[in-house]
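Take a look at the structure set out below.
The values are calculated or read from the model by the stated rules, or taken from the named source; none is laboratory data. Quick caveat: nothing in here was measured; it's all calculated off a predicted structure. Using ideal geometry, Cβ is built from the backbone for each residue, glycine included, and neighbour counts are taken over all protein chains shown. Please note that ligands, DNA and RNA were not included when accessible areas were found on the heavy atoms of the full protein model with its side chains. Shrake-Rupley method; radii C 1.70, N 1.55, O 1.52, S 1.80 Å.
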Amino acid sequence: MSALLFVHGTGVRQPAYGETLELLRTALARTAPGAPVHDCYWGDTFGVPADAGTAALPGAPVPDLPADDPAPEEELTSEDRQAVVWGALYDDPLAVLRRPEDDGQGVGASAFGDRSGPEVEHRARALAEDPPERLTALLGLAGGPAALRASLTAVLDSEPGRDALTHGLGPGQLPQAVATATVAHLLGSALRRGTPVLWTTDQRDEAVRVVTGELGGQARGIGLGVLVLHGWAAHRFGVMRAVEKRRAWLMARIHPQAGDILKYLARGAALRAFIKDRVTAVAREHGPVTLLAHSLGGVAAVDLLAQEELPGVRHLVTVGSQAAHLHEIGALPGLDPGKPLPEHFPAWTNVYDARDLLGFPAEPVFPARVTDLELSSGQPFPAAHSGYFPNPEVHRLLGRLLGA
């Protein structure tokens, strides 16, 4: 039984790192009982401060990006549709409460025959104060009951929420609409705080089902019609047209994520030394460790292990990492362009999600030296970039390596 050392990625700060570390400890208590899980938190010391790098941004932030035509249904798989819909819901959770005839301000004609609003609101207020056990277990990974209460209140008290509760949405639709908006608000708020979405898509959908049932409804799938109705495919296909005009807005959204990467590429020696010290300390206590490194943490780990032999690392697992891509373009500091990995490099498993725009395969760049594992969290980007941590397949992989 070996220990796990978890190196986080770009843009991650506390308390998000601590929440993810606790999730890993809970999951590995099931798949690798007794295996210690150690921290390697570097964000505050080696990352870019939150208030740095904004003085040189031209223009003022712009709140919204322009919309484009929706994607044709035939271009999207079922999982694609759900990812696009939920990606839009994380940005605008109240959209599911707006009806086709709304004027954009949440005001529309009454839905004929739907008088369920008062009962749904009564149940929702009660749920906010006393969530059922099935939901409480999930909320432990998403801010707890207080976060649910805040999201339910925000949805119920919003203008689209009040309008839907007063005028209805159509027979049987209101409970799931409120439930969907609440879960989207809960997870979208976490993303905006910089906290990873620590639910799998199955857990997210289960939360919608539980809340829908508590509100007196029956959960159904969220279809592509909702996507097309609100023009949400723009989030996937129309953004690049706005890049030049909305530079300040975009830079504000990706900072300090991009800043951490740039700082590492210019001055990464201190972070590599910190990771080496943590590996040495944990290996001294437990023997050779499994090093789990996410995103930029994976870049630093590959960079470090390529430059020097560390007997303290038995297996490297990178998730959502750019290491192979950086080497392919000649930008990995510790390994000259075109050079293979040195013989001393440890066993390496690289996990990536095709929807994670910051995750890359590594086998094509380092043939016979790394094993790629493609997994899908079902989440849209950017949630897909942190979707590895609640994924049971990742937990099983780590359990096998730690127990070997």
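Normalised by the number of residues in region 274-404, the average gap of Cα pairs under 8 Å and 6 or more apart makes the relative contact order 20 percent.
A simple spin-label model places pseudo-atoms 7 Å from Cα toward Cβ; at Leu135 and Arg115 they are separated by 2.6 nm.
Grab the other residues whose beta carbon is less than 14 angstrom from that of Leu373, score K and R as +1, D and E as -1, and report the net. Local charge sum for Leu373: -4.
Close amide H contacts of His38 (hydrogens built in the peptide plane, cut-off under 5 Å, sequence separation of 5 or more or a different chain): Leu4, Leu5, Phe6.
Each residue of region 131-144 was assigned a 3J(HN,Hα) from its phi angle through the Karplus expression (A = 6.51, B = -1.76, C = 1.60, θ = phi - 60°), giving x, x, 4, 4, 7, 4, 4, 5, 5, x, 9, 9, x, x Hz with x at Gly and Pro. From largest to smallest, the equivalent ellipsoid semi-axes obtained for region 319-377 from the alpha-carbon gyration tensor read 20, 14, 8 Å.
Highest mean first, the peptides 278-290, 172-184, 337-349, 198-210 sorted by other C-beta atoms within 10 Å per residue fall in the order 172-184, 198-210, 278-290, 337-349. Using 0.36 nm per residue and subtracting the Cα-Cα separation, the extra length available between Arg162 and Met1 on full extension is 52.4 nm. The local environment of Leu156, defined by Cβ-Cβ distances under 14 Å, has a net charge of -3 under the rule Lys, Arg +1 and Asp, Glu -1. Here the accessible area of region 249-404 is 57 percent carbon and sulfur, with a 1.4 angstrom probe and all protein chains present. Remark: region 271-363 carries 37 Å² of accessible area per residue (probe radius 1.4 Å; ligands, DNA and RNA excluded).
Count the net charge of all other residues whose Cβ sits under 11 Å from the Cβ of Arg134, scoring Lys and Arg as +1 and Asp and Glu as -1. Once all neighbours under 11 Å are counted, the net charge is -2.
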